[in-house]
């Protein structure tokens, strides 16, 4: 199995403050990496580096065979990012937001309508995002993240604000069933372990543990 | 590059039509300043260098308002990240923002210039307006080109309200000088021969240099 993501000694700072230090791990194609850690441990920074939104300051970072930051342009458009912020325009309607992103990614606008139906928002398609509930915005953000059928999904607490039915609705798009390589940041240890092929624990930016499913006991001890 | 630039421009114009946050504020500001000059200068009409200076300083300060708002839509919900994740040349963002600001300035001047004439010009000067059009358009290209560049530079800065005027106004001094000098004879009752072509040429060179510079560096401005 080819590596979809390979990190070797990744470092990233904000000013003088290190946010990631010596992070090394590999994730195979179609696998899920679950990332655990307390607030401020560097989980979101890791996702933003992988998404090409932040430059790594040291170490080797490879996503889908492209080396970052030098070949970032090869990665853009092949990763989907679902974070704390929806990356949507509150004053545009749900459909206008998806159509805008479809145009940026060169995707047919029919895909936007298809996804609105998939996430159960077809009846609210004409409403401004500002008027949608938190859960609806999260569903729309998930549709935005997979609009271009990305090979890699970067997910930061993707089920936050969703009721169980809505979370279930998103499974084909962002869950294991999607078949995509995923990096999943979560505080829900049991759910993360159920979905993970590889786990990474961070403390103050440094890896506290890294390994396969066998590390489950250690993950529970440190993060439950 | 053209297709994503058009998508971003269309989205920006739609947001402006819906929220009406930029052009009305710029127009209202300009009219208010003209009213203040009308009473502050304690005279019914101005002409020549004074009139030209009042017009261009007011338009320049109104431009600052527009530049401050240019990336406002992208800041809410971190929507700029959504654009940066797309597989597009980031120069498209610059082209869209500069084109949008250019259109805002044209709309502003459709309101501000007649208001200026009514509030501050004498009856014999109104016939100069056809000759004012090329000056306005060439100045607008410069204001929009530099404005979009500075707005991109300050987009992620928390101190952008301070950074934008401090960076923008010095850079626009050459446009102010050229536009004011070109306009001055048009606002004088018995003007002698003037050097309109010289000042238009100056603005053309300024516009070309800054547009090329902006296209060359804008990609790097959006890097973290």
Note to self, chain B gives a 222 nm [θ] from helices alone (DSSP H runs n ≥ 4, -39500 (n - 2.57) apiece, / all residues, nearest 500) of -26000 deg cm²/dmol
Bridge orientation stat for region A:42-170 from DSSP, antiparallel percent rounded to 5, came to 50 percent
Antiparallel as a % of all DSSP beta bridges within region A:90-224, to the nearest 5?
-> 60 percent
Expressed as a percent, the portion of alpha-carbon pairs in chain B spaced more than 26 Å apart is 37 percent
A correct fewest-to-most ranking of A:89, A:223, A:14 by other Cβ atoms within 10 Å would be A:14, A:223, A:89
Please check which bits of region B:56-76 a label hung off residue B:20 would reach, taking the label as a point 7 Å along Cα-to-C-beta and the cut-off as backbone N under 12 Å.
-> none
Indicate, rounded to the nearest 5 percent, the antiparallel portion of the DSSP beta bridges found entirely in the protein assembly as shown.
-> 55 percent
Can you grab the distance from the C-alpha centre of region A:144-187 to the C-alpha centre of region A:1-19, Å, no decimals?
-> 22 Å
Mind checking the log10 I(q)/I(0) for the protein assembly as shown at q = 0.06, 0.09, 0.10, 0.11 Å⁻¹? Debye, one equal scatterer per Cα, no solvent, two decimals.
-> -0.34, -0.66, -0.77, -0.88
Restricting to Cα pairs under 8 Å and 6 or more apart, the percent relative contact order of chain B works out to 30 percent
Helix A:164-174 versus the longest principal axis of chain A: what angle, 0 to 90°, nearest 10, using Cα atoms?
-> 70 degrees
To the nearest whole number, what is the average tally of beta carbon atoms from other chains within 10 Å of the beta carbons of peptide A:144-157?
-> 1
Stokes-Einstein, Kirkwood over Cα pairs, chain A, 20 °C, 1.002 mPa s; D in µm²/s equals 120 µm²/s
According to the Kirkwood expression over distinct Cα-Cα pairs, how big is the hydrodynamic radius of region B:1-59, in Å?
-> 14.0 Å
Where the Cα pairs of region A:81-201 fall when distances are cut into 10 Å bins, in % | 14, 48, 30, 8, 0
So, with points 7 Å from each Cα along the Cβ direction, the residue A:8-residue A:109 label distance in nm works out to 4.7 nm
How crowded by other chains is A:70-77, given as the mean number of beta carbons from other chains within 10 Å of each beta carbon?
-> 2
For a quick protection proxy, order the peptides A:160-170, B:76-86, A:45-55 by their average other-Cβ count within 10 Å, most packed first.
-> A:45-55, B:76-86, A:160-170
Residue A:163 to residue A:177: extension gain in nm, 0.36 nm per residue of separation minus the Cα-Cα distance?
-> 3.1 nm
With only helices counted (DSSP H, runs n ≥ 4, each -39500 (n - 2.57)), the per-residue ellipticity at 222 nm for chain A, to the nearest 500, works out to -9000 deg cm²/dmol
Gain upon complete extension [residue B:57, residue B:28; 0.36 nm per residue less C-alpha separation] = 8.9 nm
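Every read-out reported here was derived from the displayed coordinates using simple, explicitly stated rules and does not represent laboratory data. Bear in mind the structure is a predicted one, so any value in this text is a computation, not a measurement. No Cβ is skipped: glycine too gets one built from the backbone with ideal geometry, and neighbour counts run over all protein chains shown.
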